[in-house]
Amino acid sequence: MLALMDGRSGMRAADADREATAERLRVALEEGRLDLREYDERLVRAYGAKTYADLDAVVADLPGTTPPHRAAVAPAAPPAATDAGGTVVASGRGAGGLLAIWSPWLRVAGILTAIWLFASLGSGHLGHYWPVWAIGPWGFFLLMRTVGGREHGWHPADRRGRARRDRRRRR
């Protein structure tokens, strides 16, 4: 057994092996096992590795990857319900999905409005509400996506794309 491992250690690593090691390092960074500096150093070593032994040395002190069922913060969403014709009728995303879509816009709108308000108070008069040039078009497109049903998950055009995403997630 040890002879087999020694034989593997001296073998040349492929680009796919380097990519797999880089992915393992990325997961370790996200889990908080590595800081950004150490991640960067190890990533350079991983892409410069010539043999399996070089790659193994980069991740030797890291535990195996966390199984998906233990790493997940929330359970996966239930599959979308369809009617007799195969049309998607509900996705289970509901208001939580809308909040996720709109919350970045609300944060940016709040920050820009606060900046405008403080600048206006500092100058002594309310000036032109310039944040509208940033949040207006963005809000318009979000509104069109929301009204069109694309963010609710029940728009018929989304059925095939969602099925592809679900298959990718399951893999």
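The values are calculated or read from the model by the stated rules, or taken from the named source; none is laboratory data. Because the structure is predicted, anything quoted here is derived from the model rather than measured. Don't worry about glycine lacking a Cβ; one is built from the backbone with ideal geometry, like all the others, and counts go over all protein chains shown. Note: accessible area is taken over every heavy atom of the protein model, side chains too, but ligands, DNA and RNA are not part of it. Shrake-Rupley method; radii C 1.70, N 1.55, O 1.52, S 1.80 Å.
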Can you give the accessible area of I101, probe radius 1.4 Å, in Å² rounded to 10? 40
Between R171 and Y47, what FRET efficiency comes out of the Förster formula 1/(1 + (r/R0)^6) with R0 = 41 Å and r the beta carbon distance, rounded to 0.05? 0.95
Using a 1.4 Å probe on the protein heavy atoms only, what accessible surface does D15 show? Give it in Å² to the nearest 10. 110
Show the residues, 5+ positions off or on another chain, whose built amide H is closer than 5 Å to the amide H of A13. T51, Y52
